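**Q** Got a structure for you, written out below as structure tokens; questions coming shortly.
The values are calculated or read from the model by the stated rules, or taken from the named source; none is laboratory data. As the structure is a computational prediction, the values presented were derived from the model and not from experiment. Using ideal geometry, Cβ is built from the backbone for each residue, glycine included, and neighbour counts are taken over all protein chains shown. Side chains included, ligands, DNA and RNA excluded: accessible areas come from the protein's heavy atoms. Shrake-Rupley method; radii C 1.70, N 1.55, O 1.52, S 1.80 Å.
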Amino acid sequence: MPASPLMLRFVEDELSRTDALAERTVTTTLAQLQQPSKASTAVTAADRHLQYEVIEALRRGSKPFVQTFVDSLQALVMTDLQGLENPTAISSPAVAGGLQLMDEARVEADIQISRASQLIGNAADWELRELQTFTSTLIGQSHVSAESNPLRPAAYAQALWDACCAISPVSAQRRLLLHSTALVLAEQIKMAWAAACTRLESQGITPSIYRTLVPTSGASATASAAVTPKSFEQALQQISALLQSRPQHAPRVSTSPAMPASTAPGAQRSARVQNTNVPDGIDPHIVELLSRIFEAVLSDDQLAADLRAVMARLQTSVLRLCLVDQTLIDSHQHPVWILMNRIAQASRVWPQPTDPRGARLAAFCDALARDLASAPKQTTLAFSKALVRLEMHLNEELRQQQTQADNTIAALAAAERQEGLEREVSRQLTEQARQVRTTPRLREFLTQVWARVITKSMVVHGSDDERTAIALKTADDLLWSLHIPDHPQSRQRLLGMLPDLLKQLRAGMALVALPEAQQQAVLDELMDVHTESLRPGDRSRARKVTPQETFQRLRDEGTSDAATPLTKGVAESLIEVFSMDTVPAALMSDREPPEVGPDRPIDAMTPGSSCRWFLSGRWRTVQLLWRSDSLSYFVFASETAGHTHSITRQALARLVSEGLVKSVSDSPLLQRAVHRVMRDLAVSH
């Protein structure tokens, strides 16, 4: 966004009023939360307790709330003015050596921010639109654009979330606090933006005007329905019919406000083609049809400015082609239309004007258009070859970005292999422990926590390392100890193995950083089970014996002749798969990818495809670089060159379900152009 002196002065003035805005928001929110609810009978005790906690958190933390809101909003707005990345990105858990990965917690925060942003935007929609007419003038635009205003609802919502996080670590409290303060802030912003418009008007700032076509009343619905085509081909046929039904007049050169002056030569070339004598057998209406379509293309506000000159250069080549191949108006699959749509689609992936990827695309397409224009004659084959060259260029850009993200991709691939290995270990442990009666906590510990211990040892130390073998043997020993035979020799064996077993269990739990409280709970429950196992006699009817009595009886049993050494060795390892070479690769190599269907948009994403998603308070364009074999992890290239976003499947699915993932463009370039031509012709008729 251009940061003109007028814009900077306006922004700094508005930000200086943020303290008072935040303080009023806190005061009003506290007053509203403390008011008795009209639906108090439907409010549960848990809801009332949560509301009380939020009130206390906001009362105690009012000063840090205000300060964090002010600091965050200032950073967001100034960063937006400079065209940089959001500096207040929500922290994500690290995997595989510090890689930041967007998980469900991160996405849930973005969803809350999105809802707050919509709430603010809907409440102050009129004031926001009016303010945009002034900010567009401040940056030198003659037309209105939402991008001209850095004081956007999303920035206020993000600043509110940062302020909520500053005074409460509890997710439920943050959500309620964000919703409550957003409701209040929306009303405050309405007045603030209205006052800002008044101040700008008093300073002599003239607002830009909205260039929106408003059909005349009565005929608008009929005209709209009449010009809605079922397909691209039908649209072209309708346009051709409209052109032939109207009287001929001198061709016009349009310089739409949305089209820069630099593209006017393209329209002039359109006029020159129309004024030339059309060869016999060529319908002059086809030439005018193509000229009008290109005029609409050049004035398309979604087309990157540096690609309009490319389209203007292509116009001459296409008009020359129509003299020898009129089939291009028969199908939207003609190489001409595919090439133009593909150029426009590719440019939408890198929307920032300073992005080197976009600059390389524009330079390549310009050279492509020059080569087509310099050809002695135009052929459909030449456009097909140009399309192939464009795809090769885009594939090379994709490979370069994938190479830059090699470390991220390798870390996620390793994480996925570890997860797959852990699932397989857990499955086998679960199968082996199926016939063992034990407590739910110990069963979960064996099949989940200890599966993680074995997997971590495999990844860190290797499958052939002694420490991995010890982890496997510990699983065998633990499983046997949970249900030993009622025999003196079994009790003597358990008594002898307990010290080393407990030592290895503690070492394993430390390896996976199991919290101390969970460690102690497992050890306490294990002691109870082992104490019960060490009691001689029928355990189902025996009275409760103290541990001291149990060990005394064991000492007595140890002196009898029956205490002979066990001749049977340690049971075979529970994880048979560890005898194989390169276990992780073997486990992951023959997994089939999920079936892709139209109802599974995430599975249909392939490297190179792009979309827009709501992240860190605003919409961003991203391109998929890599997806894991099991579609558990995804790596996207950011709209800022050199940056990537890593996200789990669950988090991406959450964004999709909330409508926070959208296509880059609602319709192809040529479809938009044809619709515009039809609309203009319908109005002129």
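**Q** Take the conditions touching a helix residue (DSSP H, G or I) at 6+ places or on another chain (Cβ under 7 Å), charged (D, E, K, R) and in a helix (DSSP H, G or I) and apply them to Arg417. Does it pass?
**A** For Arg417, the condition - touching a helix residue (DSSP H, G or I) at 6+ places or on another chain (Cβ under 7 Å), charged (D, E, K, R) and in a helix (DSSP H, G or I) - is met.
Yes/no matrix, rows are residues, columns are (1) in contact with a helix residue (DSSP H, G or I) (Cβ under 6 Å, 6 or more places away or on another chain); (2) among the acidic types (Asp, Glu); (3) assigned to a strand (DSSP E or B); (4) crowded, with 18+ Cβ neighbours inside 10 Å:
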residue: Leu625; (1), (2), (3), (4): yes, no, yes, yes
residue: Val635; (1), (2), (3), (4): yes, no, yes, yes
residue: Ile647; (1), (2), (3), (4): no, no, yes, yes
residue: Gln650; (1), (2), (3), (4): yes, no, no, no
residue: Arg654; (1), (2), (3), (4): yes, no, no, yes
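**Q** Checking the conditions here, which among Ser117, Ser136 is closer than 14 Å to Trp619 by Cα and in contact (Cβ under 8 Å) with a residue 24 or more places away in the chain?
**A** After ruling out the rest, the residue left standing is Ser117.
**Q** Which one of these is at pLDDT 85 or above, in contact with a Ser or Thr (Cβ under 6 Å, 6 or more places away or on another chain) and either of a type outside the set (Val, Ile, Thr) or open to solvent by 10 Å² or more (accessible area, probe 1.4 Å) (or both): Ala172, Ala186, Ala166?
**A** Going through Ala172, Ala186, Ala166 in turn, the sole match is Ala166.
**Q** Separate question: Do you know which residues across region 281-295 are under 13 Å from Leu670 (Cβ atoms) and open to solvent by less than 10 Å² (accessible area, probe 1.4 Å)?
**A** Scanning region 281-295 gives Leu289, Leu290, Ile293, Phe294.
**Q** Picking from Arg320, Arg370, Arg313, Arg399, which residue would you name as being part of a helix (DSSP H, G or I), in contact (Cβ under 8 Å) with a residue 60 or more places away in the chain and farther than 30 Å from Thr455 by Cα?
**A** On the way: Arg320 fails: in contact (Cβ under 8 Å) with a residue 60 or more places away in the chain; Arg370 fails: in contact (Cβ under 8 Å) with a residue 60 or more places away in the chain; Arg399 fails: in contact (Cβ under 8 Å) with a residue 60 or more places away in the chain.
Result: Arg313 is the single residue among Arg320, Arg370, Arg313, Arg399 that is part of a helix (DSSP H, G or I), in contact (Cβ under 8 Å) with a residue 60 or more places away in the chain and farther than 30 Å from Thr455 by Cα.
**Q** Sticking with this structure for a sec: Report, by residue number, each residue of region 101-118 that is within 21 Å of Arg612 (Cβ to Cβ), part of a helix (DSSP H, G or I) and not hydroxyl-bearing (Ser, Thr, Tyr).
**A** Glu104, Arg106, Val107, Glu108, Ala109, Asp110, Ile111, Gln112, Ile113, Arg115, Ala116, Gln118 - these are the residues of region 101-118 that are within 21 Å of Arg612 (Cβ to Cβ), part of a helix (DSSP H, G or I) and not hydroxyl-bearing (Ser, Thr, Tyr).
**Q** Given the condition free of Cβ contacts under 8 Å to residues at least 40 places away in the same chain and in contact with a Ser or Thr (Cβ under 6 Å, 6 or more places away or on another chain), answer yes or no: does some residue in region 500-512 qualify?
**A** In the first step, residues of region 500-512 are kept if they are free of Cβ contacts under 8 Å to residues at least 40 places away in the same chain; the result is 500-507, 510.
Still in the list and also in contact with a Ser or Thr (Cβ under 6 Å, 6 or more places away or on another chain): 504.
Within region 500-512 (the criterion being free of Cβ contacts under 8 Å to residues at least 40 places away in the same chain and in contact with a Ser or Thr (Cβ under 6 Å, 6 or more places away or on another chain)), the answer is yes, since at least one residue qualifies.
**Q** Moving on. Only one of (1) open to solvent by 30 Å² or more (accessible area, probe 1.4 Å); (2) in contact with a helix residue (DSSP H, G or I) (Cβ under 9 Å, 6 or more places away or on another chain) fails for Ser347. Which number is that?
**A** If we test Ser347 against (1) open to solvent by 30 Å² or more (accessible area, probe 1.4 Å); (2) in contact with a helix residue (DSSP H, G or I) (Cβ under 9 Å, 6 or more places away or on another chain), just (1) comes out false.
**Q** Please verify whether region 382-400 includes one or more residues that are farther than 21 Å from Pro335 by Cα and at pLDDT below 90.
**A** no
**Q** Which members of region 350-365 meet the condition of being in a loop (DSSP other than H, G, I, E, B), in contact with a helix residue (DSSP H, G or I) (Cβ under 8 Å, 6 or more places away or on another chain) and farther than 16 Å from Ala309 by Cα?
**A** Trp350, Pro351, Gln352
**Q** If you check every pair at least six apart or on different chains, which have Cβ atoms under 7 Å apart with a residue in region 653-673 that is among the basic types (Lys, Arg) first and a residue that is in a loop (DSSP other than H, G, I, E, B) and buried (at least 18 other Cβ atoms within 10 Å of the Cβ) second?
**A** Arg672/Asp300
**Q** Still on this model: Looking only at residues in region 382-393 that are among the hydrophobic types (A, V, I, L, M, F, W, C) and either in contact with a Lys or Arg (Cβ under 8 Å, 6 or more places away or on another chain) or free of Cβ contacts under 8 Å to residues at least 40 places away in the same chain (or both), which one is nearest to Asp366 (Cα to Cα)? Give the steps one after another, and end with the answer.
**A** Step one: filter region 382-393 for residues among the hydrophobic types (A, V, I, L, M, F, W, C), giving 382-383, 386-388, 390, 392.
Now narrow it down to the ones that are either in contact with a Lys or Arg (Cβ under 8 Å, 6 or more places away or on another chain) or free of Cβ contacts under 8 Å to residues at least 40 places away in the same chain (or both): 382, 387-388, 390, 392.
On the way: Ala382: 15, Leu387: 13, Val388: 15, Leu390: 11, Met392: 15 Å.
The extreme case among them is Leu390.
**Q** For region 61-69, indicate whether the set of residues that are over 31 Å from the mean Cα position of the chain (by Cα), in a loop (DSSP other than H, G, I, E, B) and modelled with pLDDT of 90 or more is non-empty. First the steps, then the outcome.
**A** Step one: filter region 61-69 for residues over 31 Å from the mean Cα position of the chain (by Cα), giving 61-63.
Now restrict to residues that are in a loop (DSSP other than H, G, I, E, B): 61.
Next, only the ones that are modelled with pLDDT of 90 or more stay: 61.
Among the residues of region 61-69, at least one is over 31 Å from the mean Cα position of the chain (by Cα), in a loop (DSSP other than H, G, I, E, B) and modelled with pLDDT of 90 or more, which makes the answer yes.
**Q** Criterion first (assigned to a helix (DSSP H, G or I) and surrounded by 22 or more Cβ atoms within 10 Å (Cβ to Cβ)) does Leu160 satisfy it? Give the steps one after another, and end with the answer.
**A** Details: assigned to a helix (DSSP H, G or I): yes; surrounded by 22 or more Cβ atoms within 10 Å (Cβ to Cβ): yes.
For Leu160, the condition - assigned to a helix (DSSP H, G or I) and surrounded by 22 or more Cβ atoms within 10 Å (Cβ to Cβ) - is met.
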